[in-house]
Amino acid sequence: MNKAAEQAAAAAEDSALIKQYRDGSMEAFNVLYRRHLPGVFNRVRYVVPAEDVEDVTQEVFVAAARSLPKFRGESQFGTWLRSLTNHKVVEYYRRRGRKHESQVAPLDEETGRLETSEPGRTEDRVLVQTALQALPAPYREILLMRFAEDLSFQEIAKATGKNLEAAKSLFRRAVEALRNQLGEK
Amino acid sequence: MNHLRNPSANSDLEDRLADFADRARAQQVTRAEAEADSELRSLQQTVIRLSTAFPPKWMDEAQVRRMQARIAPQVRQAWEESVPKWRSRQSRQRLVMAFAVGLAAIGVLVLSPLLGAGTSGGTAAAITPTKAALAASAVAAVTLAILWFRSKH
């Protein structure tokens, strides 16, 4: 079975599981949870501080459990879950408030860029995280799809409704924007 | 600086950057390529920085189980709060049964004068094939209605 066929089969299985969950099968939700947990967890890991990754991930799935009975299936479950994850991340940062954010990643007053003087890996992770959060949504999205969700460029093109060349072009612009945010050039 | 490149050079850069990102994600490269042009090399460095800051992480089974156990009661509660009562399996089964009984009752009410007229004469033979067919049709209609209802939900 090729990858497109696998994806179609997975989407069909998701739909069947959602239907079972609506009928009250918690086991069906468990299967959905295990299937999509790594993708959501990794996506959250890229944009939320390590200590809160699990909590935000769980919030995504609780929100999914609450909303699934009304899920109409107009988009694939994976796409819907991606939007829900983004929404929960925004909510998370709204809760934390700007004060806390500025403590996590101070900006250089002169350039407005992130301070990046010889950071260690953890510090660098925070800097990269904050830079990702500061990117326009389409740029952040393609970087997360490629790195956090490990989607191939072909899969990204399909998910975003672009052709392969357009997806690669968007990726290049996203990397440029990230480079600028990080003050690398 | 990409606006200074011609489209084919841009396309080549994008292909090479995408290919580099694939290899960085697979941890096959850990630094920008020396032979790359300065713009590509600079972008490769950003890709490396991103992939180094977040090396691929696979969740272990213990973590998945722990998270799953923690979320289970919340999922149950979320389902109970969000699913309308009539959508629950038990409620729906009761609804189907009530629907079937209702239809059967209507069928009996509709058919009883006909059947009653036949039996009032005191002979079982008064139930004509037409009446029997009507009764069978009513039962069939109820059965079909139940099957239709189940298939829709």
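Contact map, region B:76-88: residues that are acidic (Asp, Glu) paired with residues that are at pLDDT 80 or above, Cβ distance under 7 Å, separation 6+ or inter-chain. Pairs shown: B:81/A:66. Picking from residues in region B:44-86 that are in a helix (DSSP H, G or I), loosely packed, with under 14 Cβ neighbours inside 10 Å and among the charged types (D, E, K, R), the one that is farthest from the other protein chains (Cβ to nearest Cβ) is B:85.
Among the listed residues A:48, A:44, A:31, A:56, identify the single one that is within 11 Å of another protein chain (Cβ to nearest Cβ) and of a type in the set (Val, Ile, Thr). Going through A:48, A:44, A:31, A:56 in turn, the sole match is A:31. Scanning region A:137-185 for residues that are of a type in the set (Ser, Thr, Tyr) and within 25 Å of residue B:58 (Cβ to Cβ) yields one hit, A:152. Inspect all residues belonging to region B:33-43 and state whether any of them is at the interface with another protein chain (Cβ under 7 Å from one of its Cβ atoms) and in contact with a helix residue (DSSP H, G or I) (Cβ under 6 Å, 6 or more places away or on another chain). Yes, that holds for at least one residue.
For region A:20-50, a tally of residues being within 30 Å of residue A:133 (Cα to Cα) and not in a helix (DSSP H, G or I) returns 2.
Number of residues in region A:133-148 that are in a loop (DSSP other than H, G, I, E, B) and over 14 Å from residue B:50 (Cβ atoms): the value is 1. Among the residues of region A:150-185, those that are closer than 17 Å to residue B:15 by Cα, surrounded by 18 or more Cβ atoms within 10 Å (Cβ to Cβ) and among the aliphatic types (A, V, I, L, M) comprise A:151, A:156, A:157, A:167, A:170, A:174, A:175.
Across region A:119-147, the number of residues qualifying as in contact (Cβ under 8 Å) with a residue 40 or more places away in the chain, out of contact with any Leu (no Cβ under 8 Å at 6 or more places or on another chain) and buried (at least 22 other Cβ atoms within 10 Å of the Cβ) comes to 0. The set of residues in region A:148-185 that are farther than 15 Å from residue B:47 by Cα, touching a Phe, Trp or Tyr at 6+ places or on another chain (Cβ under 8 Å) and in contact (Cβ under 8 Å) with a residue 24 or more places away in the chain contains only A:167.
Candidates are the residues of region A:59-77 that are free of Cβ contacts under 8 Å to residues at least 40 places away in the same chain and more than 11 Å from chain B (Cβ to nearest Cβ); the one that is surrounded by the most Cβ atoms within 10 Å (Cβ to Cβ) is A:75. Against the numbered list (1) small (Gly, Ala, Ser); (2) crowded, with 18+ Cβ neighbours inside 10 Å; (3) farther than 20 Å from residue A:50 by Cα, residue B:36 comes up short only at (2).
The values are calculated or read from the model by the stated rules, or taken from the named source; none is laboratory data. Every value quoted in this text rests on a predicted model; they were computed, and no experiment measured them. Every residue, glycine among them, receives a Cβ derived from its backbone with ideal geometry; neighbour counts consider all protein chains shown.
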